[in-house]
Amino acid sequence: MTLPLSSLFDDEVTTFADLILPVPIPKLFTYRVPRGMSEMIKVGARVIVQFGKNRVTTAIVARLHPHPPTDYQAKYILELLDEEPIVTPHQLELFSWMADYYLCNIGEVMNVALPSGLKITSQSKVQYNPDFDHPQLLTEQEVVILEEIKKHQALSYEEVARLVEQTNVTAVIKSLVGKRAVILFEEVKEKYTPKLARNVRLSAQYATPDILRDLVSALEKQPKQQEVLLKYLSYVPVLNNPDLNQKGLDKAIFRQDDGLSDSALQTLLKKGVFEQFETIISRFADLPASPAKEIKLTETQQLASRQIQEHFQDKEVVLLHGITGSGKTEVFISLIKQALESGTQVLYLLPEIALTTQIVVRLRKVFGDSMGIYHSKFSDNERVEVWKGILDGKFQFVVGVRSAVFLPFDNLGLIIVDEEHETSYKQQDPAPRYHARDVAVVMAYMHKAKVLLGSATPSLESYYHAQNGKYGLVEMFQRFGDAALPEFVLIDTKLEKKQRKMKDEFSSVLLEYLAHNLKNSEQTILFQNRRGYSPYLQCEECGWISECHNCAVSLTYHMRAAELRCHYCGHKEEVPRTCPACGSTKVKTIGFGTEKIEDQLNLIFPQARIQRMDLDTTRAKNAYQQIIQDFEAEQIDILVGTQMISKGLDFDNVSVVGIFDADRIINFPEFRASERAFQMLTQVSGRAGRRAGKPGKVLIQTANPHQSLLNKIIEGDYRGMYDNEIQEREQYGYPPFTRLIKLIVKHADYDTSHRAAEQLAEKLVAQLGRSRVLGPEPPLVERVRNQFLFEILIKLEREKINFKAAKSFIQEKVTDILTDKTLKNINVVIDVDCT
Ligand code: ADP
Ligand code: ZN
Ligand code: ZN
């Protein structure tokens with residue numbers, strides 16, 4: 001290493017830091033470390049720097065070195081936020097791998113990775129300028145405001161506004177700044193605030209048994225105070241062990257007891273018998289942690305567990321293919337325990353929705369408080385708590401959604417990806433558009449850890465790797481407790497319609513089973529993978545259809561909310577009373593969603609307890625959990641839902657699952673349609689008959705009962721589906737034989753968007769060949785939020801093509817388009833391994 005010449009004459013070398021800034025620019029930024037800071041600063045710590053003229057931002061130290069940048073004058077780092085790194089070396093490695101692999105910038109990765117509580121906001125504050133000596137320049141209003149500012153050390157704009165009781169003071173402050181009466185400065189503050197509990201304890205002089213006994217008798221005449229003291233001693237037995245006093249007791253506990261006098265407690269505080277103090281408490285304390293009953297693995301499970309460990313001897317990744325209800329979770333739990341005992345960290349990934357419920361309660365019972373939970377419905381403070389808990393060793397085990405791959409692990413031993421086929425593991429927006437399952441495999445490689453993928457319906461990719469010997473494969477084909485797999489009934493809706501047996505959307509067969517189930521107090525799940533009342537309204541006279549004016553898609557009718565809603569951009573409008581085109585009153589709902597099913601059910605079975613579970617009924621923080629709890633407690637007879645109801649739920653009393661509109665799922669225009677339909681329908685079916693002695697039935701309504709895919713679902717023939725599909729994928733060049741990169745060109749003007757897409761495709765074809773570049777073509781919904789979209793799909797063979805080189809070529813061509821002056825405001829999204 002050569003040092004700059006100047007340093008030979010310095011007794012101290014200037015340190016420079018390469019920083020990750022949360023901006024979409026593809027490089028690190030070099031800043032100068034102030035002398036006083038250079039002893040303390042570490043790679044992985046956060047710093048505050050100025051970026052651009054007026055912006056102050058948080059950055060992460062990626063490298064420290066003595067080389068000044070050659071092409072610009074490095075600015076000083078303003079502040080060091082962490083004495084110890086909050087980002088581990090493994091994370092830094094992962095972040096740059098992600099930026100590289102998913103063709104985005106490391107700043108974008110950082111932005112998504114860090115909970116915003118670890119980022120910093122800067123807030124402008126004003127303070128009085130002591131050198132100001134031209135009061136004659138000020139207006140009356142300015143004098144008033146300046147007086148307030150003078151009184152206080154420093155004020156934010158809002159504080160000034162509140163003090164002078166005006167809504168907007170920006171203009172006045174600006175003028176004051178101009179006249180140099182006040183000085184503006186930035187105050188930076190952390191957003192994270194720990195949760196505090198107000199505790200009370202005995203003051204030190206009372207915390208010895210002898211003195212306490214005297215005190216109790218001395219309070220004989222003040223029974224209320226005595227009662228408070230005795231209550232404290234019942235929770236904190238200081239008489240037996242004076243050391244216990246140190247931790248004290250949550251003040252809220254006194255309030256829970258109606259009989260206790262608050263003023264008596266206040267008096268004791270005032271007398272100095274008790275003292276108050278604050279402690280930082282965990283936000284997760286309120287989750288139930290009652291210990292689990294000891295579970296003994298069945299022979300099948302033990303065998304699976306042994307096989308998994310054997311595979312881990314020489315394989316990084318093992319796929320556990322176990323049918324629904326086979327007890328995969330118990331196998332996971334036993335492996336997690338072993339990994340933790342060997343002293344490594346464990347990460348358990350779950351799809352978004354499954355995480356709020358049953359499985360977490362189950363894990364919690366086994367692992368108690370040492371388990372961290374990372375979930376998108378958690379507040380930012382809660383996420384920071386998990387982040388810090390991992391750093392300081394409190395959480396060796398974390399269960400979380402896809403973004404949990406960003407957490408600061410430094411010693412992972414095992415990563416479990418449950419329901420690995422789930423599409424919600426892929427992030428759509430914003431960049432990085434990563435796939436958490438694939439990232440998990442890369443992380444494991446970095447940590448020398450193992451990955452266990454679990455599913456009843458594996459993704460074709462994972463199963464393919466398992467067939468090839470790249471992954472180990474372990475299978476469980478028996479339900480726990482010998483519960484039988486459900487029996488299937490296919491209902492021909494075309495036939496029933498012809499015979500006029502359908503009642504609304506319900507076949508006579510389904511209605512029979514529903515009635516039967518209600519009579520026997522058994523529960524039913526009904527699945528329709530579409531929310532809202534109906535996907536569109538149509539005028540019978542002129543054919544008008546309700547459409548979004550921002551997107552090329554119909555507006556869904558929501559009856560409860562009495563609204564038409566766009567499921568793409570969120571636009572809402574009132575339901576027209578008459579046709580907006582011709583004035584006719586014959587406007588009808590076409591098609592059906594969960595809301596319509598629920599509505600019709602209520603009319604057919606007025607006595608039944610019916611609940612709907614979809615995005616619309618589960619927006620509130622605990623709504624999802626509440627529905628699951630009610631269903632578990634058998635306070636609901638029929639649960640109607642979208643695919644949300646299929647995710648890993650385990651109910652005792654469900655004997656019938658009904659599936660509507662299976663054809664729409666099977667015939668979805670997409671190359672993965674068969675795989676997806678198999679997964680979705682098998683998963684939903686798997687909710688039925690999960691207890692031995694209570695066999696379940698799955699009723700599928702279809703216009704075409706003879707489709708071969710339906711047959712495979714009924715037979716539970718994953719292998720048959722796989723063999724078919726994999727052949728087609730090979731023939732037509734789709735994953736796992738190729739890797740896909742999707743480019744989405746967006747522009748508000750149709751022609752510009754089209755022209756840019758054509759140009760881009762042409763450049764790509766010139767190098768990659770026509771067979772590897774599909775499109776450009778408008779997607780299914782070709783206009784979203786007033787942007788016209790064109791998609792280009794690039795297929796790159798796994799074996800033949802140098803993926804890295806191809807990607808950098810693609811990136812180059814995209815950059816050409818983005819910087820083309822004739823294509824102003826063009827946007828191109830790059831989605832690597834798109835799903
Ligand atoms: P999967 O995830 O494979 O669908 P689960 O792990 O949810 O299956 O198991 C299904 C049910 O069987 C759960 O209620 C679970 O508690 C129970 N179960 C599984 N294995 C055992 C075991 N060894 N002992 C007792 N109960 C078990
Ligand atoms: Zn009309
Ligand atoms: Zn829209």
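In order along the range 171-179, phi translates into HN-Hα couplings of 4, 5, 5, 4, 5, 4, 5, x, 8 Hz, rounded to whole numbers, per the Karplus curve 6.51 cos²θ - 1.76 cosθ + 1.60 with θ = phi - 60° and x for Gly and Pro.
Between residue 197 and residue 781, the modelled labels are 4.6 nm apart [label points 7 Å from Cα along Cα→Cβ]. For residue 274, nonlocal amide neighbours, meaning residues 5 or more places apart or on other chains whose placed amide H falls under 5 Å from its own, are 203, 269. Bridges between two residues of the chain, per DSSP, are antiparallel at a rate of about 60%. Among 834, 548, 569, a tally of other beta-carbon atoms within 10 Å of each Cβ gives an order, fewest to most, of 569, 834, 548. Every helix of 4 or more DSSP H residues in the chain counts as -39500 (n - 2.57), and over all residues that averages to -10000 deg cm²/dmol at 222 nm. Annotation: peptides 741-747, 552-558, ranked by per-residue average of other Cβ atoms within 10 Å with the highest first, follow the order 741-747, 552-558. Treating r as the C-beta distance of residue 296 and residue 392 and R0 as 41 Å, the FRET efficiency rounds to 0.75.
Do any of 494/519; 596/742; 572/813 go past 32 Å between their Cα atoms, and which? Flagged as over cut-off: 596/742; 572/813. Residues in the range 805-820 carry Karplus couplings, in order, of 5, 4, 5, 6, 5, 4, 4, 4, 5, 5, 4, 3, 5, 5, 9, 6 Hz; the curve used is 6.51 cos²θ - 1.76 cosθ + 1.60 with θ = phi - 60°, and Gly or Pro positions show x. Given +1 at the Cβ of Lys and Arg, -1 at the Cβ of Asp and Glu and no other charges, the dipole of the chain around its Cα centre is 620 debye to the nearest 20.
Model label points for residue 171 and residue 609, set 7 angstrom from Cα along the Cα-to-Cβ axis, are 6.1 nm apart. Between the listed residues 269, 234, 217, the Cα displaced farthest toward the positive end of the dipole of the range 192-275, a dipole computed from Cβ unit charges relative to the Cα centre, is found at 269.
Taking amide hydrogens as placed 1.01 Å from N in the peptide plane, the amide H of residue 319 sits under 5 Å from those of 453, 472, 473, 474, each at least 5 positions away in sequence or on another chain. Full extension of the chain between residue 153 and residue 275 yields a length gain of 40.8 nm, computed as 0.36 nm times the residue separation minus the alpha carbon distance. Charge tally around residue 413: other residues with Cβ under 13 Å, Lys/Arg +1 each, Asp/Glu -1 each, net 0. Sorted fewest first by neighbouring Cβ atoms within 10 angstrom, 518, 92 come out as 518, 92.
For the range 726-835, the dipole from Cβ point charges (+1 on Lys and Arg, -1 on Asp and Glu) about the Cα centre works out to 240 debye, to the nearest 20.
Summarising the amide proton neighbourhood of residue 397: residues at separation of 5 or more, or on other chains, whose placed amide H is nearer than 5 Å comprise 346, 372. Computed from the C-beta positions of residue 267 and residue 379, the FRET efficiency with R₀ = 25 Å rounds to 0.10.
Summarising the label geometry, the points placed 7 Å from Cα in the beta-carbon direction at residue 498 and residue 361 lie 4.8 nm from one another. Each of the peptides 202-212, 399-409, 502-512 was scored by the mean count of other Cβ atoms within 10 Å over its residues; in descending order, highest first, they stand as 399-409, 502-512, 202-212. Sparsely packed loop sites in the range 624-729 (the GluC sites (Glu not before Pro) outside DSSP H, G, I, E and B with at most 15 other Cβ atoms within 10 Å) comprise 634, 670.
In order along the range 565-578, the phi-based Karplus estimate (6.51 cos²θ - 1.76 cosθ + 1.60, θ = phi - 60°) of 3J(HN,Hα) comes to 10, 8, 7, 9, 10, x, 4, 10, 8, 5, 7, x, 6, 10 Hz; Gly and Pro are listed as x. Going from the residue with the fewest nearby Cβ atoms within 10 Å to the one with the most, 254, 395 rank 254, 395.
Every number in this text was worked out from the coordinates using simple rules, so none of it is lab data. All of these numbers come straight from a predicted model, not from anything done at the bench. Note that each Cβ is placed from the backbone with ideal geometry, even for glycine, and that neighbours are counted across all protein chains shown.
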